[in-house]
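Asker: There's a structure below that I have some questions on.
The values are calculated or read from the model by the stated rules, or taken from the named source; none is laboratory data. Being a predicted model, the structure only gives us computed values, none of them experimental. For neighbour counting, all protein chains shown are included, and Cβ atoms are generated from backbone atoms with ideal geometry for every residue, glycine included.
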Amino acid sequence: MALQMTPQGTSGSPFVGIDFGSCATRVSIAHGEGAALLTDSTGESAIAAPLALSPQGGVLAGAAARERQLLFPEETLLSPKSLLCQSGEELAADEALFPHKISDPGAVLQIEIGGRTRSAVELVALYFAELRQRLEILRESPASSAVVSTPVAFSPFDRQSLHLAARMAGFQRVRLIEDPTAAALGWMARGGRGRVVVCCWGGEHFSASIVQADPEIARVIASVGAARVGGGQIDRLIARDLLERVRGALTTDPRHEAHLARYALVTAEKVRRALSQKSKTEVQIPLAGAAKPLKQAYQKEHLVGWSEAVLGHARRLCDLLQQKAERRRGDYDALILAGGLTRMPQMREMLEQVFGAPVAEGIDPEEAVARGAVARGRYLDRAAELPLVLDSLPRGYGLEGPGGAVEAILEAGTAVPASKVETFTTYLDQQTTVGVQLFSQVASDWRPLAQVQLSKATPMKAGQPAIEVTFTADEDGVLSVEAAEMMRGKQLVAELHPLRGLSSAQVRATLESLDVAADEDFPAALRRMVKDRAGFLLRSVRDASRRHAGKMTRDEKQLFAKKIQEMEELIDAGEVAEIREALQELEAIAGPLKSRILDAGLQTFLR
Amino acid sequence: MKCWNCQNALEEVLVCERCGVPQTVGFMSPFEVLGIPPNLSWEEEKLRRTYERMALRCHPDLFRAHNDDRVLQAARSAMRGLNDAYRTLSDPVSRLRYVLAASGQTQEIPRAVPEGLQAKAQIIGRVLEAIEQARSEGDAEAWEAQQDHLASLQVQAEKARDRSHATLLALMLEWDQAVSQNDGGWPEMPPGWNERAMSWLGERRYLDVLEARMAAGRQWPAEAPAGEVSGG
């Protein structure tokens, strides 16, 4: 007999798909048989990655944050996502390109931004919360379920952080999907079948998988991935080159170091994009205090040079992928390309050459992951019957044995959810705690990942206790651990302390704090959100039109006064839809003024 | 066993055939989980189809829409049980290892030189050591000088691998006959089977290591894939 499916309560809102990117994020919503992408007021589906936090408490994400980044680089995080998978050391090595003070480079990265110290997880949660609000205001219905994309390279603990950030942002049901798996699902939704190799190559990550796509089941056979192998890495090289030239040409004001660096990064991205299409390009850096702007011409050969390391790294990952799957060039029915970097001819040619498969047609590389994420969402909502995705672990995990050698407990390619039981004992009399190092397999190396800490064991003679430790990888690839004494069945306290990420105790505490958060009824919450946003915009527009009256025409002043008054009245008594419309209108008319103010602000360090 | 949700007496292990709700997997053999007799010779395709058919009934993704944490947790347990069982059974050597372990044979089995290679064991050791030394010292000439020896040893190793495979098939057949004599139930161990299976496993471990060393020995270090891949 079939099971009754009754989605109920607020947690039952349909899943949305979030392609969480380092440069831009895309949100997809199930729409009829297919998917629609959330767009901003300009119709653009890419929601820019930057997150701006002002000392006054304002939070902006997307285009609004990106616009401010040149003026307030220290307050504007270029990419919240890249905080989750990079160490404090790596970020600090970016120097002025990462202009935020790292107050704790430890397991849970903490940075100072907008006058406060916040953890990487909190910052990602703020970004997700902004996306969720947009969805709810747009659709006037709760958005409490999300399928969020993850790069393959995210460790089990990075994935845990990602999951938790989405929970903190108010998504109550969260499921992750690896980028290549999502792109494969999007392809399957269009009828694609067979053995397929999928490469996702974006701002910071390269992820690739081999997927067996059968009508009912998609099986992830093998996957590989690494961070700092994307467009951002190339941009940082170009930006460093630009900065060196600027510093060589003129003395710069040290107070404008962060501004200059961000300007170089933004310019670098333009250079990369231009040289992907044409053979040469020229950029200008108009610095205040300099007699004339610094002009710099670049040729395609420059880009080839900057891309070399990234290209070579990705190429080695492709070889490793085929080795893991025991497959060779030509073994595939199709090659799926997703992510902005796959548009670069040099990158695309390499992938085609390595895999020897025809590139799947009709796939928009920028939207493929978002569309696939919502395809999984439809399956989770039981709105689509097929296909079920069987995910697998991208990497193997192992424990340090008695002789110091690492022994695998869960191998790469293991289908998840999975578990493995290992037996431990003590080597000291009356020992009540046991610690063991957990490793992850990177290519042929074992690298330390976390410390497993068992405590509250019954004191006994050395070697007597038999402690059964169960390692579990859930369907999202997140690891957890449980332990019990075999004879007495007594549960031990088992904790994971990752080198990067949250400990078991921190995860528990965060989840508990979410559970006690009071459930607000949706119409009231929606009203509050719309009013807050309208209020925030109103304040900044009022303030700007007062302080920058000189930059406005008379007509503009009149229009602003009228719209401000309308908004003031609506905020108190208007319907949600009315306020939302007024909000969009006010945003639209405020746009040109905002640009003028920002441009004027930039004059302080640019010419 | 009864279904925790509808109290129906269960025939299947992973999913209640009446209410469709997945069941928590307790202490159970992987054969029981997959609902198949404890045979050792299985067609790979057939096992995979059995596994996938069951995955389509108990994967947690099928139960998200319920918003019932108990159902979701049970589905996770069922799917974990299914994945763990399939992982054990999908490879013939790991199946054999499971059968030995379930019969109480849990200690590590030491490597043993297969019978056909015993006379050659010393030469094999010398050639491989010479090659490994040449590789580590970067002595291309010494390495080259050993390649003919290596090639002839390779032939011997392949023959040993073939014999090993034939022995495995015989062991599996013998076990399967005992299973069918017991109407598909867990059988009495055929006389001497345990010892033969163990010595087979010991020899297989020797062959695996030997082949890995030979494969490495055939490559001059410079030809090995260059560069460390960070992030895999």
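Asker: Is there a residue being within 14 Å of another protein chain (Cβ to nearest Cβ), touching a residue at least 60 places away in the same chain (Cβ under 8 Å) and either closer than 30 Å to A:V246 by Cα or among the polar types (S, T, N, Q) (or both) anywhere in the stretch A:314-321?
Answerer: Scanning the stretch A:314-321, I find no residue that is within 14 Å of another protein chain (Cβ to nearest Cβ), touching a residue at least 60 places away in the same chain (Cβ under 8 Å) and either closer than 30 Å to A:V246 by Cα or among the polar types (S, T, N, Q) (or both), so the answer is no.
Asker: Listed residues A:L109, A:L70, A:L84, A:L77; which is within 16 Å of the chain's Cα centre (by Cα) and farther than 26 Å from A:V16 by Cα?
Answerer: A:L109 is the lone residue from the list that is within 16 Å of the chain's Cα centre (by Cα) and farther than 26 Å from A:V16 by Cα.
Asker: I've got another one for you. Identify, from the list A:I111, A:I137, the residue that is over 28 Å from A:L237 (Cβ atoms), touching a Lys or Arg at 6+ places or on another chain (Cβ under 7 Å) and surrounded by fewer than 24 Cβ atoms within 10 Å (Cβ to Cβ).
Answerer: Exactly one of A:I111, A:I137 is over 28 Å from A:L237 (Cβ atoms), touching a Lys or Arg at 6+ places or on another chain (Cβ under 7 Å) and surrounded by fewer than 24 Cβ atoms within 10 Å (Cβ to Cβ), namely A:I137.
Asker: Could you check, for the stretch A:226-247, whether at least one of its residues is within 30 Å of A:A412 (Cα to Cα) and among the β-branched types (V, I, T)?
Answerer: Yes; the residues of the stretch A:226-247 include at least one that is within 30 Å of A:A412 (Cα to Cα) and among the β-branched types (V, I, T).
Asker: Another question, if that's okay. Would you please name the residue that is nearest to A:E475 (Cα to Cα), looking only at residues in the stretch B:37-82 that are free of Cβ contacts under 8 Å to residues at least 12 places away in the same chain and under 20 Å from the mean Cα position of the chain (by Cα)?
Answerer: B:E52
Asker: Still on this structure: When you scan the stretch A:417-439, do you find a residue that is in contact with a Gly (Cβ under 8 Å, 6 or more places away or on another chain), of a type in the set (K, R) and closer than 25 Å to B:D61 by Cα, even just one?
Answerer: no
Asker: Within the stretch A:199-221, can you find the residues that are more than 14 Å from A:D391 (Cβ to Cβ) and more than 13 Å from chain B (Cβ to nearest Cβ)? Write out each step before concluding.
Answerer: Looking only at the stretch A:199-221, we keep the residues that are more than 14 Å from A:D391 (Cβ to Cβ), and these are A:199-206, A:208, A:214-216.
Residues satisfying the conditions are A:C199, A:C200, A:W201, A:G202, A:G203.
Asker: Quick check on the stretch B:116-156: of everything there that is free of Cβ contacts under 8 Å to residues at least 40 places away in the same chain and charged (D, E, K, R), which residue is nearest to B:W193 (Cα to Cα)?
Answerer: Among residues in the stretch B:116-156 that are free of Cβ contacts under 8 Å to residues at least 40 places away in the same chain and charged (D, E, K, R), the one nearest to B:W193 (Cα to Cα) is B:K120.
Asker: Looking for something small (G, A, S), crowded, with 17+ Cβ neighbours inside 10 Å and not assigned by TED's automatic domain parsing to the domain that holds A:Q133 - is there at least one such residue anywhere in the stretch A:588-604?
Answerer: First, the residues of the stretch A:588-604 that are small (G, A, S): A:588, A:590-591, A:595, A:600-601.
With crowded, with 17+ Cβ neighbours inside 10 Å added as a condition, the list becomes A:590.
Still in the list and also not assigned by TED's automatic domain parsing to the domain that holds A:Q133: A:590.
Yes, because at least one residue in the stretch A:588-604 is small (G, A, S), crowded, with 17+ Cβ neighbours inside 10 Å and not assigned by TED's automatic domain parsing to the domain that holds A:Q133.
Asker: Scan the stretch B:138-145 and tell me whether some residue there is aromatic (F, W, Y), in a helix (DSSP H, G or I) and in contact with a Ser or Thr (Cβ under 6 Å, 6 or more places away or on another chain). Don't jump to the end; show me each part of the working.
Answerer: If we filter the stretch B:138-145 for residues that are aromatic (F, W, Y), which is where we start, we get B:143.
Remaining after also requiring in a helix (DSSP H, G or I): B:143.
Checking which are in contact with a Ser or Thr (Cβ under 6 Å, 6 or more places away or on another chain) leaves us with none.
Looking for residues that are aromatic (F, W, Y), in a helix (DSSP H, G or I) and in contact with a Ser or Thr (Cβ under 6 Å, 6 or more places away or on another chain), one finds none in the stretch B:138-145, hence no.
One line per residue, one yes/no per condition, for (1) outside the structural domain of A:L586 (by TED's automatic domain parsing); (2) surrounded by fewer than 11 Cβ atoms within 10 Å (Cβ to Cβ):
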{"site": "A:G489", "(1), (2)": "yes, yes"}
{"site": "A:Q506", "(1), (2)": "yes, no"}
{"site": "A:L538", "(1), (2)": "no, no"}
{"site": "A:A544", "(1), (2)": "no, no"}
{"site": "A:G550", "(1), (2)": "no, yes"}
{"site": "A:Q558", "(1), (2)": "no, no"}
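Asker: May I ask you to verify whether A:S307 is touching a Pro at 6+ places or on another chain (Cβ under 9 Å), crowded, with 22+ Cβ neighbours inside 10 Å and among the polar types (S, T, N, Q)?
Answerer: no
Asker: Name the residues in the stretch B:39-57 that are over 25 Å from B:V99 (Cβ atoms) and more than 8 Å from every other protein chain (Cβ to nearest Cβ), would you?
Answerer: Across the stretch B:39-57, the qualifying residue is only B:R57.
Asker: What do you reckon, is B:L10 modelled with pLDDT of 95 or more and more than 11 Å from chain A (Cβ to nearest Cβ)? Give the steps one after another, and end with the answer.
Answerer: On the way: modelled with pLDDT of 95 or more: no; more than 11 Å from chain A (Cβ to nearest Cβ): yes.
Criteria not met by B:L10.
Asker: Would you check if B:D84 is within 12 Å of chain A (Cβ to nearest Cβ) and exposed (fewer than 15 other Cβ atoms within 10 Å of the Cβ)? Outline the logic, then answer.
Answerer: On the way: within 12 Å of chain A (Cβ to nearest Cβ): yes; exposed (fewer than 15 other Cβ atoms within 10 Å of the Cβ): no.
Taking the combined requirement at face value, the residue does not satisfy it.
Asker: With a cut-off of at least 1 residues that are within 11 Å of chain B (Cβ to nearest Cβ), name the strands (runs of 3 or more DSSP E) lying wholly within the stretch A:371-435.
Answerer: In the stretch A:371-435, the matching strands (runs of 3 or more DSSP E) lie at A:388-390, A:406-410, A:418-424.
Asker: Which one of the conditions (1) outside any loop (DSSP other than H, G, I, E, B); (2) touching a residue at least 40 places away in the same chain (Cβ under 8 Å); (3) hydrophobic (A, V, I, L, M, F, W, C) does A:V211 fail to meet, given that it meets all the rest?
Answerer: (2)
Asker: Is it true that A:R167 is of a type in the set (K, R) and over 15 Å from the mean Cα position of the chain (by Cα)?
Answerer: no
Asker: Mind counting the residues in the stretch A:441-473 that are within 12 Å of chain B (Cβ to nearest Cβ) and either in contact (Cβ under 8 Å) with a residue 40 or more places away in the chain or surrounded by 13 or more Cβ atoms within 10 Å (Cβ to Cβ) (or both)? Steps first, please.
Answerer: Step one: of the stretch A:441-473, the residues within 12 Å of chain B (Cβ to nearest Cβ) are A:441-447, A:468, A:470-473.
When the remaining residues are screened for being either in contact (Cβ under 8 Å) with a residue 40 or more places away in the chain or surrounded by 13 or more Cβ atoms within 10 Å (Cβ to Cβ) (or both), the result is A:441-443, A:445-447, A:468, A:470-473.
Selection size over the stretch A:441-473: 11.
Asker: Also, quick follow-up: Specify which of the listed residues (B:L100, B:L40) is outside any loop (DSSP other than H, G, I, E, B) and over 30 Å from A:A375 (Cβ atoms).
Answerer: B:L100
Asker: Suppose the filter is more than 26 Å from A:M347 (Cβ to Cβ), of a type outside the set (V, I, T) and away from every other protein chain (no Cβ under 14 Å); does A:L260 pass it?
Answerer: In short, yes.
Asker: Out of everything in the stretch A:271-313 that is assigned to a loop (DSSP other than H, G, I, E, B) and among the hydrophobic types (A, V, I, L, M, F, W, C), what residue ends up being farthest from the other protein chains (Cβ to nearest Cβ)?
Answerer: A:A291
Asker: On to the next question. Given the options A:V108, A:V196, A:V124, name the one that is of a type in the set (V, I, T), under 30 Å from A:L386 (Cβ atoms), in contact with a helix residue (DSSP H, G or I) (Cβ under 8 Å, 6 or more places away or on another chain) and not assigned by TED's automatic domain parsing to the domain that holds A:R580.
Answerer: It is A:V196.
Asker: Shifting gears a bit: Does B:A112 fit the bill of being more than 12 Å from the chain's Cα centre (by Cα), surrounded by fewer than 20 Cβ atoms within 10 Å (Cβ to Cβ) and on the phi < 0 side of the Ramachandran plot?
Answerer: yes
Asker: Here is a further query. Say whether the condition of being crowded, with 22+ Cβ neighbours inside 10 Å and over 30 Å from A:P73 (Cα atoms) is met by at least one residue in the stretch A:224-245.
Answerer: Yes, because at least one residue in the stretch A:224-245 is crowded, with 22+ Cβ neighbours inside 10 Å and over 30 Å from A:P73 (Cα atoms).
Asker: Is it the case that B:R64 is facing chain A (nearest Cβ under 8 Å), modelled with pLDDT under 95, closer than 21 Å to A:L380 by Cβ and assigned to a helix (DSSP H, G or I)?
Answerer: yes
Asker: Moving on to the next point. Would the stretch A:166-185 turn up any residue that is surrounded by fewer than 23 Cβ atoms within 10 Å (Cβ to Cβ), in contact with a helix residue (DSSP H, G or I) (Cβ under 9 Å, 6 or more places away or on another chain) and assigned to a helix (DSSP H, G or I)?
Answerer: yes
Asker: OK, next. Of the conditions (1) more than 10 Å from chain A (Cβ to nearest Cβ); (2) closer than 30 Å to A:L386 by Cβ; (3) surrounded by 14 or more Cβ atoms within 10 Å (Cβ to Cβ), B:Y98 satisfies every one except a single condition; which number is it?
Answerer: Exception for B:Y98: condition (2).
Asker: Continuing with this model, one more query. Residues of the stretch A:341-365 being assigned to a helix (DSSP H, G or I), surrounded by fewer than 20 Cβ atoms within 10 Å (Cβ to Cβ) and of a type outside the set (A, V, I, L, M, F, W, C), which ones?
Answerer: Those that are assigned to a helix (DSSP H, G or I), surrounded by fewer than 20 Cβ atoms within 10 Å (Cβ to Cβ) and of a type outside the set (A, V, I, L, M, F, W, C): A:R343, A:P345, A:Q346, A:R348, A:E349, A:E352, A:Q353.
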